[in-house]
Amino acid sequence: MLTIRPAELDDAPTIARVHVDTWRSSYGGIIPQAYLDSMTEQNRTFVWVRLLERQGHELITLVSEDHNGRVVGFISAGPLRHRDARFQAEISSLYVARGFQRANHGRRLFMAAANRLAVKGLKGLFVWVLADNPSRDFYARLGGEPVSEATRSFAGKPVKELGYGWADVPRYD
Ligand SMILES: CC(C)(COP(=O)(O)OP(=O)(O)OC[C@H]1O[C@@H](n2cnc3c(N)ncnc32)[C@H](O)[C@@H]1OP(=O)(O)O)[C@@H](O)C(=O)NCCC(=O)NCCS
């Protein structure tokens, strides 16, 4: 049994912990260790407080809780952050803590966020994924198609990213 609900300001430290833990457990060997080491719960909490203050305006952040009410995953989505006429909405973060992956949290977070983006009238959905991230198949499973490529620098190392897109923001009953 899992629950999806809008994130509150008080969730910032927990979201930061899931964020940092998931990056460290998923991206070793893809993102330079120096970059992963520079991510701390403290600096991420600061970032998440600022992002959650924008909650409800342009940004949608939802958390998923396990059956004990513990936050184990989150998604953040809003307007596209770069120019691409095909898409207006973007998922900027989607992370599920390692021990809770493959138990539907990611899918339920995605569906709930997509429904909210569709209600806002945004057309077309986009997400960046590290090209070497095996989790990119999650987006393909949910109907996304590879639509673009980019290279981003992490601690001085160029890392390839793939953009997945949905021509229409999917809606779920
Ligand atoms: C990617 C992530 C968000 C998916 O969430 P999740 O809760 O583990 O996935 P779900 O259980 O909701 O899976 C939904 C579907 O995607 C599939 N899927 C999930 N992860 C997958 C993977 N790594 N490879 C292939 N398929 C995957 C599931 O099998 C399921 O398919 P089904 O319909 O056949 O049952 C989560 O695993 C995660 O946080 N991974 C590490 C960080 C990351 O890469 N985040 C994405 C950044 S862009």
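Every number in this text was worked out from the coordinates using simple rules, so none of it is lab data. Note that the coordinates shown come from a computational prediction; the quantities given were computed from them, not determined experimentally. Don't worry about glycine lacking a Cβ; one is built from the backbone with ideal geometry, like all the others, and counts go over all protein chains shown.
Contact map, the range 85-112: first residue over 15 Å from I4 (Cβ atoms), second residue more than 6 Å from the ligand (Cβ to nearest atom) and among the aromatic types (F, W, Y), Cβ cut-off under 6 Å, separation 6 or more or different chains; pairs are F87/F126; E90/F126.
When D37 is tested against (1) of a type in the set (D, E); (2) under 19 Å from A113 (Cβ atoms); (3) exposed (fewer than 14 other Cβ atoms within 10 Å of the Cβ), exactly one condition is not met: (2). Residues that are of a type in the set (V, I, T), surrounded by fewer than 15 Cβ atoms within 10 Å (Cβ to Cβ) and near the ligand (Cβ under 7 Å from one of its atoms) within the range 91-149 are absent altogether. Counting only residues that are in contact with a Lys or Arg (Cβ under 8 Å, 6 or more places away or on another chain) and without any contact (Cβ under 8 Å) to a residue 12 or more places away in the chain, the range 118-140 holds 0 of them.
Would it be correct to say that D84 is more than 19 Å from Y27 (Cβ to Cβ), acidic (D, E) and crowded, with 16+ Cβ neighbours inside 10 Å? No, not satisfied.
For P79, the requirement of being surrounded by fewer than 18 Cβ atoms within 10 Å (Cβ to Cβ) and either within 15 Å of the ligand (Cβ to nearest atom) or without any contact (Cβ under 8 Å) to a residue 24 or more places away in the chain (or both) is not met. So which residues in the range 41-51 are touching a helix residue (DSSP H, G or I) at 6+ places or on another chain (Cβ under 7 Å) and not charged (D, E, K, R), if there are any at all? Passing the criteria: T45, W48, V49.
The residues of the range 52-75 that are without any contact (Cβ under 8 Å) to a residue 40 or more places away in the chain and in contact with a helix residue (DSSP H, G or I) (Cβ under 8 Å, 6 or more places away or on another chain), listed by number, are L59, I75. Annotation note: Cβ proximity below 6 Å between a residue of the range 13-28 that is more than 15 Å from R70 (Cα to Cα) and of a type in the set (V, I, T) and a residue that is part of a strand (DSSP E or B) and near the ligand (Cβ under 10 Å from one of its atoms) (sequence gap 6+ or interchain) occurs for T22/Y95. Is at least one residue of the range 130-137 of a type in the set (K, R) and under 14 Å from G106 (Cβ atoms)? So far as the range 130-137 goes, yes, one or more of its residues are of a type in the set (K, R) and under 14 Å from G106 (Cβ atoms). The residues of the range 96-113 that are under 14 Å from the mean Cα position of the chain (by Cα) and more than 18 Å from R17 (Cα to Cα), listed by number, are R107, R108, F110, M111, A112, A113.
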